[in-house]
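Below is one structure, written out as C-alpha cells, with a few remarks after it.
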Amino acid sequence: MSYEWVRGTCPRCGTDQVLHHEIGMPMLEAYESSPSWVIWEGCTGLGPDRECQDCGHAWQSGDVGFAEEPEPWYDSRTDEEHPGAPAPLRVVGAVIVRGDQILAARRAPGRSAAGLWEFPGGKVEPGESPQQALRREVREEMGVEVEIGWLIGRGEADAGDRDLHLDCYWARLEAMEPVSSTDHDRWEWVDRTRLQGRDWAGPDVPIVEVIVGGAVPRFQTG
C-alpha cells in the first residue's frame, strides 16, 4: 500500500507551513512514509488537527474547503441506517481593496439574491484550497487576477436544506480593474466607513461589520 501526503495551505494566511496532527496508531508503512510535518498523536487527540507554523492558526481539516457528502450512520441498538446531515455549501468571497476603498458588487437580475450587494466569489470545488477557488472565481466572474491575502472571517446562512459557509479574504488586483461581470450588474469602489449604507446579502453582513469595525488588510507581501 502506498500513501500520498498532501501538506495543503493555511486557510488564514495561505502559506504551506502546515502541521498535520494525525489521531490514531498508524500502520508501519504509514508511519515510515509520513513526512516531518505529520505528527502522530496516538489513540486520542485533543483540539484541531491542523496548525500553521507561520501564523499560528489552528483548525479542523473537515471544516475547510470542499464539503464531501457525509456518510450515513448506524444505530447499533436498532441496526437502522440514518442519513448524515447535509454537507454545507462552502463558498469564498474576495474583499478587494484599493487604498481605503473596497469593491462592492450588486447581484444581477435573474441571479439568486438579485439586487443585493456582496463580495465577488463563489463555490469551492473538490481539490481546491479556498485561495485557489477564490482566484478562479474572480477570474471567471470579472476577468481579473487577484492576490489573495489573509482570511477575514466567516458568514453563515441557510441554503435550502443545508448551511452555507462564506469565508471572505482580503484581495487586491494584480493588474487591470474589472470592466464586466457575469454575475453582477453594478460594482462600486466604496470607502470602508460607508459600506453599511447598502443592502448586503446575509452571509456578507458579518464580514462588513468586521471591516467597518477596523479590520486591517493583511497580505503575505507588501
>> Apply the a/c threshold of 1.5 to the C-alpha gyration tensor of segment 134-182 and tell me whether it is rounded, prolate or oblate.
In response: oblate
> Normalised by the number of residues in the chain, what is the relative contact order in percent for Cα pairs under 8 Å and 6+ residues apart?
Replying inline: 19 percent
> If Lys and Arg each add +1 and Asp and Glu each add -1, what is the summed charge of the other residues whose beta carbon sits under 12 Å from the beta carbon of residue 153?
Replying inline: -2
> Of 27, 142, 176, which is the most mobile in a GNM of the chain whose springs link Cα atoms less than 10 angstrom apart?
Replying inline: 27
>> Only bridges whose two residues both fall in segment 89-212 count here: according to DSSP, what percent of them are antiparallel, nearest 5?
In response: 75 percent
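Around residue 124, what is the net charge, scoring Lys/Arg as +1 and Asp/Glu as -1 over all other residues with Cβ under 11 Å from its Cβ?
Numbers: positive: 90, 123, 136; negative: 125, 128, 137, 167.
Neighbourhood net charge equals -1.
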> In cubic angstrom, how much convex hull volume per residue do the alpha carbon atoms of segment 1-116 span?
Replying inline: 211 Å³
> Excluding residue 201 itself, what net charge comes from residues whose Cβ is under 9 Å from its Cβ, given Lys and Arg +1 and Asp and Glu -1?
Replying inline: -2
> In deg cm²/dmol, rounded to 500, what helix-only [θ] at 222 nm does the chain give when every DSSP H run of at least 4 residues adds -39500 (n - 2.57) and the total is split over its residues?
Replying inline: -3500 deg cm²/dmol
> Can you give the Rg to Rh ratio for segment 7-64, taking only C-alpha atoms and Rh from Kirkwood?
Replying inline: 0.98
>> Here are a few candidate values for Cα extents along the principal axes in Å: (1) 56, 47, 31; (2) 64, 45, 32; (3) 70, 52, 41. Which one was actually calculated from the structure I just gave you?
In response: (1)
> From the Cα gyration tensor of segment 89-212, with a ≥ b ≥ c the square roots of its eigenvalues, which class applies: rounded if a/c is under 1.5, or else prolate if a/b is larger than b/c, or else oblate?
Replying inline: rounded
> Share of antiparallel DSSP beta bridges in the chain, in percent to the nearest 5?
Replying inline: 75 percent
> Can you give the charge dipole size of the chain about its Cα centre, rounded to the nearest 20 debye, using +1 on the beta carbon of Lys and Arg and -1 on the beta carbon of Asp and Glu?
Replying inline: 1140 debye
>> Placing unit charges on C-beta atoms (Lys and Arg positive, Asp and Glu negative, everything else neutral), compute the dipole magnitude of segment 7-64 about its Cα centre in debye, rounded to 20.
In response: 160 debye
>> List the GluC sites (Glu not before Pro) within segment 1-86 that DSSP assigns to loop and that have no more than 13 neighbouring Cβ atoms inside 10 Å.
In response: 4, 68
>> Quick check for me: using +1 on Lys/Arg Cβ and -1 on Asp/Glu Cβ, what's the dipole size of segment 1-116 about its Cα centre, in debye to the nearest 20?
In response: 1080 debye
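Laboratory data are not the source of any read-out in this text; all were calculated from the coordinates shown. Everything numeric here is computed off the predicted structure, so don't read it as measured data. Cβ atoms come from the backbone with ideal geometry, glycine included; neighbour counts cover every protein chain shown.
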